[in-house]
Structures are given as structure tokens and as C-alpha cells.
Amino acid sequence: SNLLTLNQEEIRGCLVGEVRPTLDDIYELYCQHATIVGFSVRKAKNRKKEGTQIIKEKYYFCSAQGQRNTRKKKEENELMIEKSTSTKMNKNGEFEIVHHVMQHNHPLTREPLNYLHRSERQMN
């Protein structure tokens, strides 16, 4: 897996430029980043190629960022997107992280408690 090519210190840093073949791989990478840094991830909106069901752009947020499922003004929604991590499909059909905000407006979790984050609690 491509995830093995990054060490823990590289995953802790900015992920802009990282390329993965699927959105699931990007999500897994971002969740690893979130676990190391100390926050939880939630998936946000995506954009599809016009007239198709193919996703060309996907956004991920820190779960403490903004509010979920609320009606917002257009400007507030655009500001929220500016504070996200965004992934776009490149010319090769792979997904590339093109924007990654490293700042958080809340205290981050201490490392021993990171396993409690919602994005880390998955059933196998």
C-alpha cells in the first residue's frame, strides 16, 4: 500500500500533493494524520463530474469544525470549504490532496486518547 511509504512524521505534516488511487485511500491517509495530530475526521460534501455519478472532488473536515446538517448562507459555506482538506481527481484519474488546513480552533486530543475518536472507532 502507498500508505507505507510515509513515516509517522510525514503523516503528521501537511498532506498537500499526496496522491492515492481511490478516495478510500485518501480518507485512510487523512484518518491516520488525524489520529497522530489528535482530532477526529468527518466526510463532507463532494462534487461530481457534470452529468455523471463520478466524484471529482471531495472534502474532509475536522469533526469539531463548523456545524453539520444546518442551512447556512452561501458565504459561510464557502468559508467552511476554505478551512477543509480537499481532494481532486487529477488527469491520471487518481486523487490528489490539493488543500490542507493545519490549524484547529480547539484543543487537540492527547495521544493516549486518540483511539476514542469517532473516525477511529470502526467495526471489522
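The values are calculated or read from the model by the stated rules, or taken from the named source; none is laboratory data. In this text the structure is predicted, and so the values were computed from the model without any measurement. Backbone-built Cβ (ideal geometry, glycine too); neighbour counts: all protein chains shown. To get the accessible areas, we keep the full protein, side chains included, count just its heavy atoms, and leave off ligands, DNA and RNA. Shrake-Rupley method; radii C 1.70, N 1.55, O 1.52, S 1.80 Å.
Listed values, structure above:
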{"quantity": "Residues (at pLDDT 90 or above and either in a helix (DSSP H, G or I) or touching a Lys or Arg at 6+ places or on another chain (Cβ under 6 Å) (or both)) located in region 4-26", "calculated": "LEU23, ASP24, ASP25, ILE26"}
{"quantity": "Every pair of residues 6+ apart whose Cβ atoms lie under 7 Å, when the first sits in region 17-42 and is touching a residue at least 12 places away in the same chain (Cβ under 8 Å) and farther than 17 Å from GLN103 by Cα while the second is assigned to a helix (DSSP H, G or I) and open to solvent by 30 Å² or more (accessible area, probe 1.4 Å)", "calculated": "ARG20/ASN2; ASP25/ASN2"}
{"quantity": "All positions within region 27-62 that are in a strand (DSSP E or B), out of contact with any Phe, Trp or Tyr (no Cβ under 8 Å at 6 or more places or on another chain) and among the basic types (Lys, Arg)", "calculated": "ARG47, LYS48, LYS56"}
{"quantity": "Members of region 13-54 found to be among the hydroxyl-bearing types (Ser, Thr, Tyr), more than 18 Å from LYS88 (Cβ to Cβ) and open to solvent by 20 Å² or more (accessible area, probe 1.4 Å), listed by number", "calculated": "THR35"}
